[in-house]
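Structure first, commentary second.
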Amino acid sequence: MSTRILVVEDEAPIREMLCFTLQRNDFEPIEAADGREAQAKVIDTPPDLILLDWMLPDISGIDLARRFKKEEATRELPIIMLTARAEEDDKVKGFDVGVDDYVTKPFSPRELSARINAVLRRISPTHGKPNLAAGPLSIDLQSHRVSVDDNTIELGPTEFRLLQFFMSHPERVYSRSQLLDQVWGGNVYIEERTVDVHIRRLRKALTGHHLDRYIQTVRGAGYRFSVRD
């Protein structure tokens with residue numbers, strides 16, 4: 001599951017260069033040429049981070065960032081502003097509306113990648129880490145391989161995301177609605193019982209290794225990941 005980054009840039013050559021740089025660094029780029037398209041892409045293909053150009057044809061990057069930060073569904077989305085404006089006052093405007101970082105044009109691909117990774121590390125403690133482990137169960141976050149000892153477990157993409165979230169937040173109880181927001185995304189409208197279906201699939205995959213007990217039902221509250229009996 002690659003990190004999805006929405007590139008909002010109206011100049012096609014710059015947008016293509018940014019997408020090429022992101023792909024070279026194992027990110028999954030999503031393209032938008034203006035503010036309207038960016039808002040649609042955020043709903044259709046929720047990104048993990050937004051690279052947002054200051055100057056867009058239909059709305060300024062600052063105003064678009066302000067909209068994203070006001071909406072509950074997109075409030076937590078990290079935004080890096082791309083701009084030729086290097087003045088302090090301009091940067092202050094961006095930080096005031098909730099922009100997470102600035103990259104001033106022109107910039108090198110190496111700097112851009114470093115800035116993206118720095119922001120992602122701030123919002124996700126597991127970003128950049130090679131694996132998660134709980135008892136004999138482990139997830140290699142780079143190869144997306146789940147294994148018990150040295151035996152690989154096959155999981156569907158949703159079960160993988162669910163297990164990754166659980167292992168990143170052990171011993172905490174999450175309701176179905178919280179899991180929908182965290183694993184499926186706030187812009188996905190599906191029934192809460194869908195969570196139960198994927199929990200059953202995840203438990204089934206772990207049953208053969210006697211680890212299904214790690215996914216615990218907390219009556220009246222939700223689910224918890226724990227290695228404790």
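The values are calculated or read from the model by the stated rules, or taken from the named source; none is laboratory data. Just so you know, these numbers come straight off a predicted model, no measurement behind them. Note that each Cβ is placed from the backbone with ideal geometry, even for glycine, and that neighbours are counted across all protein chains shown.
Of the residues that sit in the range 1-42 and are among the hydrophobic types (A, V, I, L, M, F, W, C) and loosely packed, with under 14 Cβ neighbours inside 10 Å, which one is farthest from the chain's Cα centre (by Cα)?
Going through the qualifying residues, I end up with ALA12.
Would you pick out the residues in the range 167-200 that are among the hydroxyl-bearing types (Ser, Thr, Tyr) and either loosely packed, with under 15 Cβ neighbours inside 10 Å or modelled with pLDDT of 95 or more (or both)?
Across the range 167-200, the qualifying residues are SER177, TYR189.
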